[in-house]
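Shown next, in structure tokens, is the structure this report addresses.
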Amino acid sequence: MELVAAMEDQGLEVEHYYPELGHGQHELSIRHADALRAADNQVLYRETVRGVAFRHGLWASLAPKPIPDQAGNGTHMHASLIELGSEGSPGGRNAFADPTDRNGLSQVGYHFIGGLLAHLSALVALTCASVNSYRRLAPQMWASAFTCYGMDNREAAIRICSPLRGDPASSVNLELKPSDASANPYLALGAFVYAGLDGIRGKLDPGAAVNVDPATLTDAERAASNTPRLPASLNAALDALESDELLMDQLGPLRSSAYLAVKRSEAAHFAHSTDPYYECYEHFTKL
């Protein structure tokens with residue numbers, strides 16, 4: 001309750017709380033905001049969690065995989081696309097909503113997913129930004145390990161979320177599951193938006209939804225549904241980012257080269273150790 005009060009004192013509205021799967025694991029969901037404020041809120045959120053815990057003599061970690069044999073921590077990213085009003089203020093129609101679609105999603109929403117899927121291997125280098133992130137992104141861990149989308153599929157990288165009862169139009173949103181607290185929220189959210197807008201501009205087709213656990217499909221079935229594995233390491237994700245012209249261009253030459261250099265240095269550091277507890281301990285105490 002002290003943590004909730006501290007968040008609300010800073011303007012963060014806590015919408016849901018529940019204990020999660022892992023030992024001592026908790027989830028607090030914060031109400032949506034526009035993009036910049038949402039990124040600000042993520043910084044406030046993680047610093048507040050650590051600060052309140054420390055005041056009680058406890059250590060809170062938002063690391064993607066703080067304990068090797070326990071559930072990991074995600075920082076799932078939810079997004080809606082809202083039309084602006086006549087004076088440029090938000091509050092218009094949810095452009096992702098279409099009540100006539102079987103999933104309640106508009107063509108604009110499907111194109112947005114198409115852009116996310118097209119750039120996802122590169123995008124995770126920014127949304128899952130640590131060596132420890134890829135210990136979490138494993139099949140059948142509710143973290144997503146495959147490049148696909150589905151309706152309320154918690155094993156899909158992109159989930160079309162069921163709308164709230166009584167509010168089907170405005171509550172339609174998309175959830176990106178391969179995202180965690182090791183990310184810079186400004187870079188991660190910016191890249192997410194650019195990837196989705198690229199899909200809208202190019203009218204990219206995301207293909208058919210995958211509404212089963214992709215890990216239960218055969219290799220042939222995953223190939224037929226264009227459901228490849230996400231990068232299994234930070235270095236593999238950085239390779240994909242370096243090859244993605246759109247995201248590299250949006251990062252700019254200085255930021256992109258600096259980001260790649262720092263993250264490859266981190267990957268090289270942890271590659272020297274084969275002890276998973278060393279990696280998890282180092283991330284546990286820093287994230």
Options Gly91, Gly51: the member that is among the small types (Gly, Ala, Ser) and assigned to a helix (DSSP H, G or I): Gly51
Restricting attention to region 61-98, the residues that are modelled with pLDDT of 90 or more and not aliphatic (A, V, I, L, M) number exactly 14
Please enumerate the residues belonging to region 180-205 that are part of a loop (DSSP other than H, G, I, E, B) and either charged (D, E, K, R) or under 18 Å from the mean Cα position of the chain (by Cα) (or both). Asp180, Ala181, Ser182, Ala183, Asn184, Lys203, Asp205
Restricting to region 7-43, name every residue that is open to solvent by less than 50 Å² (accessible area, probe 1.4 Å), over 16 Å from Ala60 (Cβ atoms), of a type in the set (A, V, I, L, M, F, W, C) and assigned to a helix (DSSP H, G or I). Ala38, Ala39
Any idea how many residues of region 46-92 are under 23 Å from Gly196 (Cβ atoms) and either among the hydroxyl-bearing types (Ser, Thr, Tyr) or more than 24 Å from the chain's Cα centre (by Cα) (or both)? 8
Could you list, in sequence order, the residues of region 189-207 that are open to solvent by less than 10 Å² (accessible area, probe 1.4 Å) and touching a strand residue (DSSP E or B) at 6+ places or on another chain (Cβ under 7 Å)? Phe192
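Search region 227-256 for residues being polar (S, T, N, Q) and in contact (Cβ under 8 Å) with a residue 40 or more places away in the chain, and hand back the single one that is most open to solvent (accessible area, probe 1.4 Å). Lay out the reasoning, then the answer.
Applying the first criterion (polar (S, T, N, Q)) to region 227-256 yields 227, 233, 235, 243, 250, 256.
Still in the list and also in contact (Cβ under 8 Å) with a residue 40 or more places away in the chain: 227, 233, 243, 250.
Details: Thr227: 5, Ser233: 48, Ser243: 94, Gln250: 74 Å².
Among those residues, the one meeting the criterion is Ser243.
The values are calculated or read from the model by the stated rules, or taken from the named source; none is laboratory data. Quick caveat, the model's predicted, so the values are computed rather than measured. Here the Cβ is made from the backbone with ideal geometry for all residues, glycine too, and neighbour counts use every protein chain on show. Heavy atoms of the whole protein, side chains included, go into the accessibility calculation; ligands, DNA and RNA do not. Shrake-Rupley method; radii C 1.70, N 1.55, O 1.52, S 1.80 Å.
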